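The values are calculated or read from the model by the stated rules, or taken from the named source; none is laboratory data. On a predicted model such as this, the values are computed, not experimentally measured, just so you know. Every residue, glycine among them, receives a Cβ derived from its backbone with ideal geometry; neighbour counts consider all protein chains shown.
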Amino acid sequence: MQDDHRREDEWFRENEKQLLEAARAARARRERERADEEASSERKRLREMHYMKCPKCGHDLKEQDLEGVKIDRCTHCEGVFFDAGELDQIFAKKAEERRGFFRRLAGI
Ligand SMILES: [Zn+2]
């Protein structure tokens, strides 16, 4: 009879331990989900705040076409900014122009 009572206590203790662990794991999962959500909404907020704004003075950037390459120019400080690959395109164009210039100069 005493053994039965002890087994019952152990069963409850073990069951309680499992419930507490499950609750702790669920809470940790919810915390991770909230942190992920906050991180993505914070990223979205920052993107909206800084998109097409000058990194130097914070004024609006305006897209311009420069020899077929779209560049972003600040409407205030006139700084010019390039997206990834745009500067390479300009260098490529300039290199072609230089080659053309030297070909014309050399008469070939
Ligand atoms: Zn600026």
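All but one of (1) in a loop (DSSP other than H, G, I, E, B); (2) on the phi < 0 side of the Ramachandran plot; (3) over 23 Å from the mean Cα position of the chain (by Cα) hold for Glu78, so report the exception by its number.
(2)
Restricting to region 58-77, name every residue that is more than 11 Å from the ligand (Cβ to nearest atom) and buried (at least 17 other Cβ atoms within 10 Å of the Cβ).
Val69, Ile71, listed by residue number.
Inspect all residues belonging to region 37-57 and state whether any of them is within 16 Å of the ligand (Cβ to nearest atom), among the hydroxyl-bearing types (Ser, Thr, Tyr) and free of Cβ contacts under 8 Å to residues at least 40 places away in the same chain. Break it down into steps so the answer makes sense when it comes.
Keep residues of region 37-57 that are within 16 Å of the ligand (Cβ to nearest atom), which gives 49-57.
Subset that is among the hydroxyl-bearing types (Ser, Thr, Tyr): 51.
Narrowing the set further to residues that are free of Cβ contacts under 8 Å to residues at least 40 places away in the same chain leaves 51.
Scanning region 37-57 turns up at least one residue that is within 16 Å of the ligand (Cβ to nearest atom), among the hydroxyl-bearing types (Ser, Thr, Tyr) and free of Cβ contacts under 8 Å to residues at least 40 places away in the same chain.
Kindly provide the set of residues from region 56-79 that are modelled with pLDDT under 95 and basic (Lys, Arg), ordered by number.
Answer for region 56-79, where residues must be modelled with pLDDT under 95 and basic (Lys, Arg): Lys70, Arg73.
With within 16 Å of the ligand (Cβ to nearest atom), modelled with pLDDT under 90 and not β-branched (Val, Ile, Thr) as the only criterion, which of Phe12, Phe82, Phe91, Phe101 stands out? Even if it seems obvious, please write down each step before you answer.
Values: Phe12 fails: within 16 Å of the ligand (Cβ to nearest atom); Phe91 fails: within 16 Å of the ligand (Cβ to nearest atom); Phe101 fails: within 16 Å of the ligand (Cβ to nearest atom).
Every option except Phe82 fails the conditions.
Can you go through Asp9, Asp65, Asp3 and tell me which one is outside any helix (DSSP H, G or I) and either among the small types (Gly, Ala, Ser) or out of contact with any Pro (no Cβ under 7 Å at 6 or more places or on another chain) (or both)?
Values: Asp9 fails: outside any helix (DSSP H, G or I); Asp3 fails: outside any helix (DSSP H, G or I).
Result: Asp65 is the single residue among Asp9, Asp65, Asp3 that is outside any helix (DSSP H, G or I) and either among the small types (Gly, Ala, Ser) or out of contact with any Pro (no Cβ under 7 Å at 6 or more places or on another chain) (or both).
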